[in-house]
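Below: the structure, in structure tokens.
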Amino acid sequence: MALPKTPPRAPRADSVGFAIVGLGDYALNQMMPRFEQSPRSHIAAIVSGNPGKLRSVGEAYGVPEDARYSYDDFDRIAKDKRVDAVYIVLPTGLHAEWTEKAFAVGKHVLCEKPMALSSAECSRMIAASERAKRKLMIAYRCHFEPHNLLAMDLMAQKALGPLRIIRSDQEYRMGPVTPAQNWRLNRALAGGGPLEDFGLYGLQAALYLTQEMPELITASAFRPENDARFTEVFAHVGTHMRFPSGAVAQLSTSYDAAGANIIYARGTTGKLIMDPAIGYSGHKMRLEQAGQPDRDLTPGDPDVQFARQLDHFVAAIRDNSPIKTPGELGLRDVRLIEAIYASAETGRNVWLNPDGTMRT
Ligand code: NAD
């Protein structure tokens, strides 16, 4: 675990105090160290079921003892004026419950992706945000990452001509673990598996590159027999989506294939290759356009994505600016995931309404 060697700077008067709920890998090793880079954000409280972690992490981040909460005494946070917002970094199956709890105690919520395991849960989370009159943002960090932002701009400028084909591969090989040992293999906490976790990035990219909603989805999902890793979730999911413009997307995701993290877009006059496309660092991007030399594009350091995501949420809270990745975006994606599984289960095409719900 990456704990800071020196305590964080003192927060500015207008800084938003966050309570971090869930001190797992992503919180400890990626997001918590990045709060230092976001001038109006600071870690005001931590919430964990592990007293040892509460102590060591609390000490390293200068979180006072009375701002270190267990899951059981979370409701006490209602009276804690140091906490403005709650950042939910728990397994996905717990997002809805903890988002609702956070709104019930009057805090804003930044919730990790995927938003939840069902569209019904997402709708409840949005309704809770509206009732509480507090902000809800889904932590889709690629919307703040320079390569992905440039890719969106290039597609908006039709740099490849009309877009025809999107392909994405989000894959890695899960070690020899069981659902009891790793929540990502546990259906109640992870849903169907790789699609919600890693494959969601390809799904998102297909939509933010085409700037369209798919009208048709066909998918298949595979779960091997006699593999202790895949007793509850799928090993691979393959999805074909067609958009009203005629563009098609082929999305592959797997927990049982050698690592890949690729997004590939091809229009009538060029192609864009992002490999790796959506990680924490090391992005590469190549643009090939008819009649021009191929170009490697280096729009900026991917590392800024974490802090810019915090800056964006804080601006929504303090300045009432619009949220690029609101609960509605999370809901849209979960609807599409439901449509993908519906197609995989029935072996049929699933036609969609413009809001991503399935046509009956
Ligand atoms: P993790 O397993 O490392 O951490 C999960 C934390 O939740 C642990 O501290 C664990 O103790 C706690 N927890 C509380 N109740 C639990 C329960 N019933 N079962 C299991 N754990 C429980 O997972 P992670 O990789 O940190 O993922 C946490 C969330 O962050 C997930 O929603 C995941 O999708 C998301 N995530 C996002 C990114 C990103 O790039 N945006 C990357 C990784 C993870």
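The values are calculated or read from the model by the stated rules, or taken from the named source; none is laboratory data. Small disclaimer: the values here were computed from a predicted structure and weren't measured. In this analysis, Cβ positions are derived from the backbone assuming ideal geometry, glycine residues included, and neighbour counts consider all displayed protein chains.
A compact table of results
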quantity: Residue within segment 117-126 that is within 18 Å of residue 316 (Cβ to Cβ) and part of a helix (DSSP H, G or I) present; calculated: yes
quantity: Candidates 30, 37 - the one that is assigned by TED's automatic domain parsing to the domain that holds residue 131, surrounded by fewer than 17 Cβ atoms within 10 Å (Cβ to Cβ), touching a helix residue (DSSP H, G or I) at 6+ places or on another chain (Cβ under 6 Å) and over 25 Å from residue 131 (Cα atoms); calculated: 37
quantity: Boolean, residue 56 is buried (at least 18 other Cβ atoms within 10 Å of the Cβ) and at pLDDT 95 or above; calculated: no
quantity: Selection from segment 101-125 of residues that are within 15 Å of the ligand (Cβ to nearest atom) and closer than 16 Å to residue 338 by Cα; calculated: 113, 114, 115, 116, 117, 118, 121, 122
quantity: Filter pass, residue 139 being among the aliphatic types (A, V, I, L, M), touching a strand residue (DSSP E or B) at 6+ places or on another chain (Cβ under 9 Å) and within 10 Å of the ligand (Cβ to nearest atom); calculated: yes
quantity: Selected residue (only one of 117, 160 is at pLDDT 95 or above, of a type outside the set (D, E, K, R) and within 19 Å of the chain's Cα centre (by Cα)); calculated: 117
quantity: Number of positions in segment 227-253 that are crowded, with 21+ Cβ neighbours inside 10 Å and assigned to a strand (DSSP E or B); calculated: 7
quantity: Selected residue (only one of 307, 260, 315 is of a type outside the set (S, T, N, Q) and in contact with a strand residue (DSSP E or B) (Cβ under 7 Å, 6 or more places away or on another chain)); calculated: 260
quantity: Count of residues meeting criterion [assigned to a loop (DSSP other than H, G, I, E, B), of a type in the set (A, V, I, L, M) and buried (at least 21 other Cβ atoms within 10 Å of the Cβ)] in segment 91-116; calculated: 2
quantity: Of all residues in segment 284-324 being among the polar types (S, T, N, Q) and in contact (Cβ under 8 Å) with a residue 40 or more places away in the chain, the one that is surrounded by the fewest Cβ atoms within 10 Å (Cβ to Cβ); calculated: 289
quantity: Residue in segment 138-154 that is modelled with pLDDT of 95 or more and over 22 Å from residue 304 (Cβ atoms) present; calculated: no
quantity: Extreme residue, farthest from residue 184 (Cα to Cα), among residues of segment 88-100 that are within 17 Å of the chain's Cα centre (by Cα) and more than 10 Å from the ligand (Cβ to nearest atom); calculated: 99
quantity: Count of residues meeting criterion [part of a loop (DSSP other than H, G, I, E, B) and either within 13 Å of the ligand (Cβ to nearest atom) or acidic (Asp, Glu) (or both)] in segment 175-189; calculated: 6
quantity: Pairs where the first residue, in segment 209-226, is part of a helix (DSSP H, G or I) and the second is aromatic (Phe, Trp, Tyr), C-beta under 6 Å, 6+ apart; calculated: 210/243
quantity: Qualifying residue in segment 245-254 (condition: within 16 Å of the ligand (Cβ to nearest atom), closer than 19 Å to residue 345 by Cα and not β-branched (Val, Ile, Thr)); calculated: no
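Matching residues to (1) more than 15 Å from the ligand (Cβ to nearest atom); (2) in contact with a strand residue (DSSP E or B) (Cβ under 9 Å, 6 or more places away or on another chain):
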| position | (1), (2) |
| --- | --- |
| 21 | no, yes |
| 26 | no, yes |
| 30 | no, no |
| 40 | yes, yes |
| 52 | no, no |
| 57 | no, yes |
| 67 | yes, yes |
| 71 | no, yes |
